[in-house]
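**Q** Structure below; questions to follow.
The values are calculated or read from the model by the stated rules, or taken from the named source; none is laboratory data. Note that the coordinates shown come from a computational prediction; the quantities given were computed from them, not determined experimentally. When we count neighbours, we look across all protein chains shown, and the Cβ atoms used for this are built from the backbone with ideal geometry, even at glycine. Just so you know, the surface numbers come from the protein's heavy atoms only, side chains and all, with ligands and any DNA or RNA stripped out. Shrake-Rupley method; radii C 1.70, N 1.55, O 1.52, S 1.80 Å.
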Amino acid sequence: MKERRAEYRKPIRLSVPGVYVYTLGISLVCWISGYLFSVGYPVYGEVSATPLWNTICRILPDKTITYLIGLVLTAGGALLIQRANYVLGLVREKTFLPFVLYILLISTNIEFFPFKSTSVGIFCLILGLYFLFKSYHDPYSQENTYKTALLIATGSLLWVHILWFFPLFWYGMYKFKCLNLRAILASLLGFLTVYWFLLGWSVWKQDFSFLAFSFTTLWKIQLLDFSQGDPTGWITILIVALFITCAAVYILTHEHEEALRTRQYLSFLMVFTVCSFLLFFLYGQSSEEFLIAACVPASILLAHFFAVNKNRLVFWGYHLFVIMLGMIILGNLWSSGSY
């Protein structure tokens, strides 16, 4: 009897190659299904989009290349998250779950296929987050602050709403004890550098079309209409939100197990997630863009929750999470070939 109890209480690890392979396999099946049903193709520009994004939409060759670009962008973003986790130690266990879960979250939402302007801008957001975390308790981190602002401003050339994350990053600098006048001036300089360069390019080419987009779209708030959209999409969002809530509760109730630096990193990522969902509800006309942004902190928080917990409940909860997300999108695609 004692041996059975010991066997039952034996820690169960999710950070094993088999788990990675089957999770990535489900994600790949979602991409193939999306390709077969031409989900999101062709990729259109919009009147409210930036000129650079509209130009990219016009030069995309065919469906195969477009989907390959989307897959590469997703994998690239996941690699950046995994690298940031490795360098900063966001998850104290050795795991590839941040990489795997980011790909899963992107791959199981129809609205993200094949890629959006946010898919490119998210690279800037992830790198900006990395440099922000590198500024931890460093009052002379103007270089990292400048790089963060430079990256966010660069991302705004494709996705103008990324500028809403500027105040969030200033909050992060305050939380990490690196906010001062020099840091604020460095961030403003990083923002202006991008647009000074863009202005110089426009003058040299005698083409001011890339300066034609308006920042007024930042203020065009349109609350999300819950009656619109696919019900299965809402189910997916609720499932992810439920697991993120479980991860946040676990982190808050077991914060003494983490180093102070890691606790503050994870706390900021929780605020990041809440802000992304808040903007998701405020900008109904482009809500999926903020869902993609939410996948960045969500993948790390979920990876921490699943990697650190080694009990059977969390183990089977992970598999239920992956299977439910995969079944919802695949069932939706195969039952309504209209996509």
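**Q** Sorting check: for 22-33, 118-129, which peptide has the highest mean count of neighbouring beta carbons within 10 Å, and how do the rest follow?
**A** The most tightly packed comes first, giving 118-129, 22-33.
**Q** Also, quick follow-up: Would you mind checking the pairs 147/175; 147/205; 116/175 and listing those with alpha carbons more than 29 angstrom apart?
**A** 116/175
**Q** At a 10 angstrom cut-off on C-beta neighbours, averaged per residue, how do the peptides 236-245, 99-108 rank from highest to lowest?
**A** Result, highest mean first: 99-108, 236-245.
**Q** At 0.36 nm per residue, minus the direct Cα-Cα distance, what do residue 252 and residue 20 gain on full extension? Give it in nm, one decimal, please.
**A** 80.8 nm
**Q** Okay, moving on. How much of the accessible area of the stretch 95-190, in percent, comes from carbon and sulfur atoms when a 1.4 Å probe is used?
**A** Working: 2250 of 3240 Å².
Within the stretch 95-190, the accessible surface is 69 percent carbon and sulfur.
**Q** Follow-up. Quick check: pseudo-label points 7 Å beyond the Cα along Cα→Cβ at residue 12 and residue 55, how many nm apart are they?
**A** The answer from the label model is 5.3 nm.
**Q** If packing is taken as the average count of other Cβ atoms within 10 Å, what order do 196-205, 297-306, 63-72 fall into, highest mean first?
**A** 297-306, 63-72, 196-205
**Q** For the stretch 163-197 and the stretch 32-81, what is the centre-to-centre distance using only Cα atoms, to the nearest Å?
**A** Their Cα centres are 30 Å away from one another.
**Q** Roughly how many Å² of residue 230 are accessible to a 1.4 Å probe, to the nearest 10?
**A** About 50 Å², ignoring ligands and nucleic acids.
**Q** Could you give me D for the stretch 55-178, from Stokes-Einstein at 37 °C and 0.692 mPa s, where the hydrodynamic radius is the Kirkwood radius over C-alpha pairs? Units µm² s⁻¹, please.
**A** The calculation lands on 210 µm²/s.
**Q** Can you tell me which lysines have their Cα less than 25 Å from the Cα of residue 94? Leave out same-chain residues fewer than eight positions away.
**A** Reachable lysines: 10, 134, 310.
**Q** At 222 nm, what helix-only mean residue ellipticity would the chain give, in deg cm²/dmol to the nearest 500, using -39500 (n - 2.57) for each DSSP H run of four or more?
**A** Estimated from H runs of four or more residues: -23500 deg cm²/dmol.
**Q** A follow-up question, please. Just the Kirkwood number for the chain, please: inverse of mean 1/r across all distinct Cα pairs, in Å, one decimal.
**A** Over the chain, the inverse of the mean reciprocal pair distance is 21.1 Å.
**Q** Could you provide, to the nearest whole Å², the per residue accessible area of the stretch 21-131 with probe 1.4 Å?
**A** Accessible surface, normalised per residue, equals 42 Å².
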